[in-house]
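This report concerns only the one structure given below.
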Amino acid sequence: MDEAPEFSGRALEALRQPLESGHVVVARSAGVVRLPARFLMVLAANPCPCGRHGVGGSACECPPSAVRRYQARLSGPLLDRVDLRVGVRPVQRADLVGEGLRGESTAVVAARVRQARERAAARFEGMAWQLNSQVPGHELRTRWPVAPGALAAAESDLERGLLTARGLDRVLRVAWTIADLAGRDRPAEDDVALALELRTGVARGAPAMAGRS
């Protein structure tokens with residue numbers, strides 16, 4: 001969904017239920033239909049109506065009140081269901097002419113993702129789940145503990161009101177995925193720190209993953 005804040009609030013809020021449950025319910029006078037709706041949602045948004053808020057060297061034309069209203073179009077409950085929030089820097093000349101660092105090839109990344117999915121599938125063998133995203137938070141916390149002390153920062157954010165209970169579960173799922181991608185048996189403190197950084201956009205001192213720009 002490009003320019004996500006430009007979508008109607010009603011349409012955006014309608015995504016909350018299927019994002020959480022993996023199905024959508026359509027109710028009509030003739031009856032109720034429950035349909036599968038497990039999908040990957042990608043939202044793209046400018047920081048403000050003119051698109052230059054916070055960009056170095058460019059003067060944003062929007063008053064603070066307009067910036068707040070624009071950003072508020074993506075509600076807290078909707079964003080609470082978004083696992084990864086990544087800021088994108090403006091395109092530089094080096095990007096246009098092909099200079100600078102290049103990322104890994106698709107084949108290399110695909111192989112690592114395939115291995116990570118195989119690790120998760122082996123962990124959930126004989127169970128109702130195949131992916132980290134499918135496991136209920138309570139099951140993930142109790143059946144497969146992370147490294148001792150690894151959740152300290154996330155639990156601190158929860159106690160301070162910076163992270164919701166749903167957010168904590170999602171951070172934990174992302175941390176497991178990071179560990180699977182790295183070939184580790186369980187998430188360590190650095191994996192949780194990176195998951196928190198990806199969720200909040202606030203650097204936690206976590207090391208960059210291989211191939212991450």
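List of remarks:
Residue-wise test of (1) surrounded by 14 or more Cβ atoms within 10 Å (Cβ to Cβ); (2) at pLDDT 90 or above.
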site	(1), (2)
SER8	no, yes
ARG34	no, yes
ARG69	yes, yes
ARG93	no, no
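- Test: residue in the stretch 138-157 that is polar (S, T, N, Q) and outside any helix (DSSP H, G or I): no
- Taking the numbered list (1) closer than 23 Å to ARG199 by Cα; (2) over 23 Å from the mean Cα position of the chain (by Cα); (3) basic (Lys, Arg) in turn, ARG117 passes all entries but (2).
- Looking at ALA14, ALA44, ALA4, just one residue is among the small types (Gly, Ala, Ser), loosely packed, with under 15 Cβ neighbours inside 10 Å and in contact (Cβ under 8 Å) with a residue 24 or more places away in the chain, and that residue is ALA44.
- In this structure, ALA154 qualifies as modelled with pLDDT under 95, over 30 Å from SER105 (Cβ atoms) and crowded, with 20+ Cβ neighbours inside 10 Å.
- Residues in the stretch 158-179 that are in a helix (DSSP H, G or I) and either more than 16 Å from the chain's Cα centre (by Cα) or more than 18 Å from ALA121 (Cα to Cα) (or both): LEU158, GLU159, ALA165, ARG166, GLY167, LEU168, ASP169, ARG170, VAL171.
- All conditions in (1) modelled with pLDDT of 90 or more; (2) under 18 Å from the mean Cα position of the chain (by Cα); (3) over 17 Å from ALA120 (Cβ atoms); (4) not acidic (Asp, Glu) hold for GLY201, with the sole exception of (1).
- The one condition from (1) out of contact with any helix residue (DSSP H, G or I) (no Cβ under 8 Å at 6 or more places or on another chain); (2) over 22 Å from LEU79 (Cβ atoms); (3) surrounded by 15 or more Cβ atoms within 10 Å (Cβ to Cβ) that GLU197 does not meet is (2).
- Among residues of the stretch 131-153 that are under 19 Å from LEU196 (Cβ atoms), those with a Cβ under 6 angstrom from a residue that is of a type outside the set (Val, Ile, Thr) and assigned to a helix (DSSP H, G or I), sequence gap 6+ or separate chain, pair up as ASN132/ALA120; ASN132/ARG173; ASN132/TRP176; SER133/ARG173; GLY137/ASP169; LEU140/LEU172; ALA150/GLU189.
- Single match in ARG38, ARG52, ARG117 (criterion: assigned by TED's automatic domain parsing to the domain that holds ILE178 and of a type in the set (D, E, K, R)): ARG117
- Filter result for GLY54 (out of contact with any helix residue (DSSP H, G or I) (no Cβ under 7 Å at 6 or more places or on another chain) and loosely packed, with under 10 Cβ neighbours inside 10 Å): no
The values are calculated or read from the model by the stated rules, or taken from the named source; none is laboratory data. Quantities reported herein were computed from a predicted structural model and do not represent experimental measurements. When we count neighbours, we look across all protein chains shown, and the Cβ atoms used for this are built from the backbone with ideal geometry, even at glycine.
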